[in-house]
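The values are calculated or read from the model by the stated rules, or taken from the named source; none is laboratory data. Keep in mind the model is a prediction, meaning the values are calculated, not measured. Cβ coordinates were reconstructed from backbone atoms using ideal geometry, including for glycine residues, and neighbour counts include every protein chain displayed.
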Amino acid sequence: MKILVVDDEVDVRVLFEQRFRREIRSGEFSFSFAYSGEEALNYLHEHVSEVVLILSDINMPGMSGLELLRHIREEYPGPPVPPTPQVMMITAYGDDTSRQQAMQLGANDFLTKPVDFAALKSKLISLENHEN
Amino acid sequence: MLHPEQTSRMRFDYTSLLFSIPIAIGFARLVKKFLDTPKRAPRWDRVLDKIWIPGLVFVGFAALFQLQTKLLDEFYLLFVYLLFIGLFVRLKNYKPARTLLLALAPFALYSFFELLLNVVATDFIKEYDDTFDSWQGFSVIWMITFAFIARNQKRSLEVDLLQREQEEQEKRRIATQNTELERMVAERTAALTRQADALQSALTELRTTQAQLIQAEKMASLGELTAGIAHEIQNPLNFVNNFAEVSVELCQELREEVEKVELAEADKDYLLEILSDLSHNQLKINQHGQRASSIVRGMLQHSRASTGERQPTDLNGLADEYLRLAYHGLRAKDKTFNATLNTTFDEAVKEVEVLPQDLGRVLLNLFNNAFYAVQQRQKNGEPGYQPTVTVSTKQLPQKVEIRVRDNGTGIPEEVRQKIFQPFFTTKPTGEGTGLGLSLSYDIITKGHGGTLAVESQEGKGTEFIISLPA
């Protein structure tokens, strides 16, 4: 299962790679990283059919996570063709308005920082099982 | 008075005497009226009323003893003159009376001499009859003249008196007016003073309010800044925590791998020991990182506006968290400050539906005040004083109580009545907004339908009691 992580913090890559070391090694998950909304959209244009899940931060310079979400939902409206990826939003501001906004724009889930990796892992696994 | 026909001696004649009595009475009346004797000399007045009695006695005496004399009326009249003179002397302080004395004196003297000579030297009188006559005429004119003078004096005195009375009246009127004016001036002055005082206090209040508003504004912007800083810190802190956590996992994996490798027992033990230390250090990093995170969360929660949504909240945990937050906040400002923190939490207190941020703000306020109070008392340098702040919770029927107690300076009675008023503060200008307790009061009473009470003993300490319906 290919997962695209979008965050302006570069260290997110190292963290995810270490957190999901075993899953990556076993080939269960594969992660790609984008450091801005724009970069994420470019990546999607090339690899849309591969990416199953997008994990995106909301507060980013330039295109925000919510804007990215809107673009994704516009460009890839969903089945049958082309496939639409799942999108989970992550934010440090866990207030209700952001959550509602994200859900309205079509987010599949909403996580608050600091990310609980154990919970995230179980979510990903259940998603994968669902996929299969 | 001697008339030619009366000059013949030794001839008794009632008529002259009976004639003299009405004259005496008449004169007495005139004198009485002129000198106002009933007022000036009441006793003399009564004597003057009875002036006819001696006359009648003389008549009776003469009739009884068949006295052949015409001098009886002369005696009587002399007696009357002397009476008058006595009266005038008595009233010598009254100027017209003195003038009357002066008027009567020559005539009385003349009468006296004439009578005397009539008794002892009749011939002598006869010889100098003309002289006596002119003396008599002169003294009568003298008497009349001075009587007029006396009358004029009396009139002028009366006019004077009247004028003086008018002046007195005028003075009294002016005095009354003065008193009235002074009273009005005093009243007006008092009113103006009151107004000035009121204005002054209003001005002071406005200035204080202005200073406090500026302070509140500063605090608000400081709050925003704090929230911004907290957010900026939160992200790197998350990384610290996450990497520490994942490093623990990596250490575990490494340990497993090391176990698989063939190595000398001593080397393996050494490797495992290092791994254990590493793992332990990562745990410590994570632990302290979590601690920092909770402070940042507290800062964020405190600055965040109330969402107005009640959440089931663990009051014991909330009280404990904010007690520490307040204590460390104060310690950050004053490294020398130290206090004993006591917590007595009732385990029966279950989760209560409250506004956690708002209630947190109230607790933070109460703790800050408590720490301030013990700090102030500590500054007095009492020997053996141990600053102590205690927070306790208690489950009561239908309600939960949170008590925040300090052994600080205490609150005087007159201040205690005002502490929940907005903008009331005892702290030096710039240190307190005077909004803390009023805001707390609103949050507890209006926001939660509870009560906020205070008990305090000056010099011993203060206890705030929050009661929440539960």
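Give the residue that is nearest to A:Ser64 (Cα to Cα), with candidates limited to residues of region A:1-20 that are within 13 Å of chain B (Cβ to nearest Cβ) and surrounded by 20 or more Cβ atoms within 10 Å (Cβ to Cβ). Filtering region A:1-20 for residues that are within 13 Å of chain B (Cβ to nearest Cβ) and surrounded by 20 or more Cβ atoms within 10 Å (Cβ to Cβ), the one nearest to A:Ser64 (Cα to Cα) comes out as A:Asp7.
Out of B:Arg416, B:Arg403, one residue alone is within 26 Å of B:His328 (Cβ to Cβ) and not β-branched (Val, Ile, Thr). It is B:Arg403. For region A:120-132, the set of residues classified as surrounded by fewer than 16 Cβ atoms within 10 Å (Cβ to Cβ) and within 14 Å of chain B (Cβ to nearest Cβ) consists of A:Lys121 only.
Take B:Val349 and tell me if it is under 25 Å from B:Leu300 (Cα atoms) and touching a helix residue (DSSP H, G or I) at 6+ places or on another chain (Cβ under 7 Å). It is false that B:Val349 is under 25 Å from B:Leu300 (Cα atoms) and touching a helix residue (DSSP H, G or I) at 6+ places or on another chain (Cβ under 7 Å). Exactly one residue among B:Asn286, B:Asn235 is surrounded by 12 or more Cβ atoms within 10 Å (Cβ to Cβ), polar (S, T, N, Q) and modelled with pLDDT of 90 or more, and that residue is B:Asn286.
Against the criterion of being within 14 Å of another protein chain (Cβ to nearest Cβ), crowded, with 16+ Cβ neighbours inside 10 Å and either closer than 16 Å to A:Arg22 by Cα or over 60 Å from the mean Cα position of the chain (by Cα) (or both), B:Ser279 does not qualify.
With respect to A:Phe117, determine if the residue is touching a helix residue (DSSP H, G or I) at 6+ places or on another chain (Cβ under 7 Å), within 14 Å of chain B (Cβ to nearest Cβ) and not aliphatic (A, V, I, L, M). Answer is yes for this residue. Of all positions in region B:244-254, none carries a residue that is away from every other protein chain (no Cβ under 14 Å) and at pLDDT 90 or above.
Of the residues making up region A:93-114, just one is within 14 Å of another protein chain (Cβ to nearest Cβ), of a type in the set (Gly, Ala, Ser) and either assigned to a helix (DSSP H, G or I) or buried (at least 16 other Cβ atoms within 10 Å of the Cβ) (or both), namely A:Ser98. Is it the case, given these coordinates, that B:Phe112 is more than 18 Å from B:Gly86 (Cβ to Cβ), in a helix (DSSP H, G or I) and either of a type outside the set (Asp, Glu) or over 60 Å from the mean Cα position of the chain (by Cα) (or both)? Criteria not met by B:Phe112.
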